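Asker: Structure provided below as structure tokens; questions to follow.
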Amino acid sequence: MTDAQTQIPVTVLTGYLGSGKTTLLNRILSESHGKRYAVIVNEFGEIGIDNDLIVESDEEIYEMNNGCVCCTVRGDLIRVVEGLMRRPGRFDAIVVETTGLADPVPVAQTFFMDEDVRSRTRLDAVVALVDAKHLPLRLKDSREAEDQIAFADVIVLNKTDLVTPEELRDVEAAVRAINPAARIHRTTRAGVKLDEVLDRGAFDLSRALENDPHFLDGHDHHDHDHHDHDHDHDHHQDHDGHDHGHASPIHDVTVQSVSLRGGEMDSKKFFPWIEKVTQMEGPNILRLKGIIAFGDDPERYVIQGVHMIVEGDHQRAWKDGEKRESRLVFIGRELDADRLRKSFEACQATPAN
Amino acid sequence: MPTVAPLDLDGHCIAAVFMGGVPHFALADGIVHRLDHGHKWQAVHDGMLAAVLDRQGQRLITGGEDGKVFSSAGEIVEPIAEAGRKWITSVAVGPQRTIAFAAGKTAVVRFADGKLREFAHPRSVEGLAFSPRGMRLGVARYNGATLHYVSAQSQPTELRWDGAHTGIVFSPDGNFLVTTMQENALHGWKLADGKHMRMTGYPAKVKSLSWSAKGKWLASSGAPAAIVWPFQGKDGPMGKAPLELGTRGDTMVTCVACHPSQDVAAIGYADGMVMAARFADAREVLLRRPGKGAVTSMMWDQEERRIVFGTETGDCGVIDIAG
């Protein structure tokens, strides 16, 4: 029973202490946007707003007892979401704030792996706040900062007023090198438009593409929120973005992305392949996203995954004149780009003649 | 013919019980409704998370989002404990009016004289139960269960089994401990020797457990039938197949409640249907046609003639078996 009508959207906010998470959270709770949010926080501490719908919860990671090391969920979220959803009329959406050091993966997997949570809620997007000034340092001393960026759908590059334009460019390049598929917003004082972080439908396979037509373009793209422009600036920087991922001027990056591009795929080859890749490489894959053109299918097929969890669905018919190509991005560690590319290309449909 | 007296409420029913023969319905919004010469209600919590009837059947012990524990009987509502801003996620009752509640990683026992004793744990306290004689408090937690002596100053017993344990019950004779798990399984321990009992094969999480008269059987939800494990032998259900009662092809059992004296269980389903099934011959009787939502709570009355039931959609009521 997964009726999108009754499923409450959940936004996950990650980011280090000092990245502006609390500022953003306070804006979500106090600005008039006509929606009510239930907020699950680790500590009430910083939030200066009294609200019945702020729930304190101890981050608690449960490994599932199925022998799979990457099958982890947040036990506390299962409990709290179940409690909240017994009175669903009180709020329109849920925001989960994680601690600075939190691993975003168990949070996200909770919304896929727990049947009760899954039937009542849907993961909307993972939003990472990044402190532009301190990111280089964070990347040096922790893997979590990198994981949070790698895992995000939306990245708010905050405190841009504290860095020089050159530093900002380097930080953004580092972020982009870790995660080529996310949407980046440059901000000061977490001043991103709330509709750029809430109700994104980033895990909704068809909406993810509507919201972001350049999804998986292999080009850099970001919005300049601090300029108050209504339209997106897409910087089609002319570099080869669809191969090994980008080289970052900031080192200490262990996450890589592998962007693959191919023609029409043979579904009989592609599905066993993606299943095998995610079974074998699951622990190393943080996210995967893709659009697949199948030779025998008039519709675009979109696919996404978290570790070993993979979901796919038909999105819409290919348009006349639209190039029927397949694109797939893996974000993870220790990925064998050459092997992934070769095996991906081997799934292409052979021309009929 | 069984008849149903419906009570249409608004919201998720946490517990449907008889107190002094009067049907009570505790809802997630914190209001306790009762059918006592008409429909009456009493606001207790701002958001209720857990409710259990005390062993004397005189008080309803509840915990809520407001961090409070209340004891209520009709119009008399008494706050009995507080835990700050933490949610009270579980409550349990022992003999001699002892109660326990869970808030985060702490389990608190409150004795009849109001004295409190705290038991801290490294991980969240998920489920709580007192042993039949009330000497021990069982805590369901990540990777197993912990048994504390409620009054004595002795080391707790740690029972290890990997995975998250979410609920806990003692068998009525105190010989077995059974937990519900985050995965689709029950786990059990024979307390005399710590022997494990794995009860698996469920297609869904088990959320409802009920011991039959004298603890001979343990009925459970989590499948398209009530799964009833035999506990007559000294090793519990090990090596034996469970009964499957009230099997339906298209919907899951969400709630079970065994008859007070006979080997019969009331079985509630995800679509709101309620049936009764006899263990001996699996014979079924329809008690309530499908309603709006899943059955969440049921209890038989002392006369063994009525069943009070609640659902997650608020369409509650009382079934009279004899009509």
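The values are calculated or read from the model by the stated rules, or taken from the named source; none is laboratory data. Remember, it's a predicted structure, so these values are computed and weren't measured experimentally. Because the Cβ atoms are built from the backbone with ideal geometry, glycine has one as well, and the counts that use them run over all protein chains shown.
Asker: From the set of residues in segment B:184-211 that are away from chain A (no Cβ under 14 Å), touching a residue at least 12 places away in the same chain (Cβ under 8 Å) and of a type in the set (D, E, K, R), which is surrounded by the fewest Cβ atoms within 10 Å (Cβ to Cβ)?
Answerer: Among those residues, the one meeting the criterion is B:Lys195.
Asker: Further question: Say whether the condition of being on the phi > 0 side of the Ramachandran plot and not assigned by TED's automatic domain parsing to the domain that holds B:Gly188 is met by at least one residue in segment B:265-276.
Answerer: Yes, some residue in segment B:265-276 is on the phi > 0 side of the Ramachandran plot and not assigned by TED's automatic domain parsing to the domain that holds B:Gly188.
Asker: Restricting to segment A:128-183, name every residue that is basic (Lys, Arg), within 23 Å of A:Val306 (Cβ to Cβ) and in contact with a strand residue (DSSP E or B) (Cβ under 8 Å, 6 or more places away or on another chain).
Answerer: A:Arg138, A:Arg176, A:Arg183
Asker: Being assigned to a loop (DSSP other than H, G, I, E, B) and either among the small types (Gly, Ala, Ser) or over 20 Å from the mean Cα position of the chain (by Cα) (or both) is the filter; apply it to segment B:155-178 and report the residue that is nearest to the other protein chains (Cβ to nearest Cβ).
Answerer: B:Pro156
Results for (1) surrounded by 20 or more Cβ atoms within 10 Å (Cβ to Cβ); (2) modelled with pLDDT under 90; (3) over 22 Å from A:Asp114 (Cα atoms), shown as yes or no for each residue.
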{"residue": "A:Ile250", "(1), (2), (3)": "no, yes, yes"}
{"residue": "A:Met265", "(1), (2), (3)": "yes, no, yes"}
{"residue": "A:Ile274", "(1), (2), (3)": "yes, no, yes"}
{"residue": "A:Phe294", "(1), (2), (3)": "yes, no, yes"}
{"residue": "A:Gln304", "(1), (2), (3)": "yes, yes, no"}
{"residue": "A:Glu311", "(1), (2), (3)": "no, yes, no"}
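Asker: So which of B:Ala26, B:Ala51 ends up being buried (at least 23 other Cβ atoms within 10 Å of the Cβ), outside any loop (DSSP other than H, G, I, E, B) and assigned by TED's automatic domain parsing to the domain that holds B:Gly272?
Answerer: On inspection, the qualifying residue turns out to be B:Ala26.
Asker: Output the residues belonging to segment B:297-317 that are in a strand (DSSP E or B) and farther than 11 Å from B:Leu287 by Cβ.
Answerer: B:Ser297, B:Met299, B:Trp300, B:Val308, B:Gly310, B:Thr311, B:Asp315, B:Cys316
Asker: If you take the residues in segment B:8-22 that are crowded, with 17+ Cβ neighbours inside 10 Å and under 28 Å from A:Asn51 (Cβ atoms), which one is nearest to the other protein chains (Cβ to nearest Cβ)?
Answerer: Looking at residues that are crowded, with 17+ Cβ neighbours inside 10 Å and under 28 Å from A:Asn51 (Cβ atoms), I get B:His12.
Asker: Of all residues in segment B:222-245, which are surrounded by fewer than 23 Cβ atoms within 10 Å (Cβ to Cβ) and of a type in the set (Gly, Ala, Ser)?
Answerer: If the condition is that a residue be surrounded by fewer than 23 Cβ atoms within 10 Å (Cβ to Cβ) and of a type in the set (Gly, Ala, Ser), then B:Ala223, B:Ala225, B:Gly233, B:Gly236, B:Gly239, B:Ala241 are the ones that fit.
Asker: May I ask you to list pairs of residues, at least six apart or on different chains, whose Cβ atoms are under 6 Å apart, with the first in segment B:284-296 being assigned to a loop (DSSP other than H, G, I, E, B) and the second being among the hydrophobic types (A, V, I, L, M, F, W, C)?
Answerer: Listed by first residue and then by second, the contacts come to B:Pro290/B:Met273; B:Ala294/B:Ala270.
Asker: Scan segment A:70-106 for residues that are aliphatic (A, V, I, L, M) and within 14 Å of chain B (Cβ to nearest Cβ) and jot them down.
Answerer: Listed by number, the residues that qualify are A:Val73, A:Leu77, A:Ile78, A:Val80, A:Val81, A:Leu84, A:Met85.
Asker: Additional query: Taking segment B:267-299 as the search range and keeping residues that are over 20 Å from B:Asp250 (Cβ atoms) and surrounded by 23 or more Cβ atoms within 10 Å (Cβ to Cβ), which one is farthest from the other protein chains (Cβ to nearest Cβ)?
Answerer: If we take residues in segment B:267-299 being over 20 Å from B:Asp250 (Cβ atoms) and surrounded by 23 or more Cβ atoms within 10 Å (Cβ to Cβ), then B:Met298 is farthest from the other protein chains (Cβ to nearest Cβ).
Asker: Would you be able to tell me the number of residues in segment A:165-205 that are under 21 Å from A:Phe112 (Cα atoms) and not in a loop (DSSP other than H, G, I, E, B)?
Answerer: Selection size over segment A:165-205: 1.
Asker: What is the number of the single condition among (1) within 14 Å of another protein chain (Cβ to nearest Cβ); (2) touching a strand residue (DSSP E or B) at 6+ places or on another chain (Cβ under 7 Å); (3) farther than 20 Å from B:Val139 by Cβ that B:Phe70 does not meet?
Answerer: (1)
Asker: Consider A:Arg138 carefully, then state whether it is modelled with pLDDT of 90 or more and surrounded by 18 or more Cβ atoms within 10 Å (Cβ to Cβ).
Answerer: no
Asker: Being away from chain B (no Cβ under 12 Å) and within 14 Å of A:Val306 (Cα to Cα) is the filter here; which residues of segment A:107-123 pass it?
Answerer: A:Val107, A:Ala108, A:Gln109, A:Phe111, A:Phe112, A:Leu123, listed by residue number.
Asker: Specify the residue that is surrounded by the fewest Cβ atoms within 10 Å (Cβ to Cβ); the eligible residues are those in segment B:87-109 that are within 14 Å of another protein chain (Cβ to nearest Cβ) and in a loop (DSSP other than H, G, I, E, B).
Answerer: Among those residues, the one meeting the criterion is B:Lys105.
Asker: Answer with yes or no whether B:Met181 is within 20 Å of the chain's Cα centre (by Cα) and within 12 Å of another protein chain (Cβ to nearest Cβ).
Answerer: So B:Met181 fits the description; yes.
Asker: What do you reckon, is B:Gly84 closer than 28 Å to A:Asp52 by Cα and within 11 Å of another protein chain (Cβ to nearest Cβ)?
Answerer: yes
Asker: Ok, one more. Does B:Trp41 qualify as being among the aromatic types (Phe, Trp, Tyr) and either buried (at least 21 other Cβ atoms within 10 Å of the Cβ) or in a loop (DSSP other than H, G, I, E, B) (or both)?
Answerer: no
Asker: Could you please give the count of residues in segment B:23-39 that are touching a residue at least 24 places away in the same chain (Cβ under 8 Å) and either more than 11 Å from every other protein chain (Cβ to nearest Cβ) or of a type in the set (Lys, Arg) (or both)?
Answerer: Counting residues in segment B:23-39 that are touching a residue at least 24 places away in the same chain (Cβ under 8 Å) and either more than 11 Å from every other protein chain (Cβ to nearest Cβ) or of a type in the set (Lys, Arg) (or both) gives 10.
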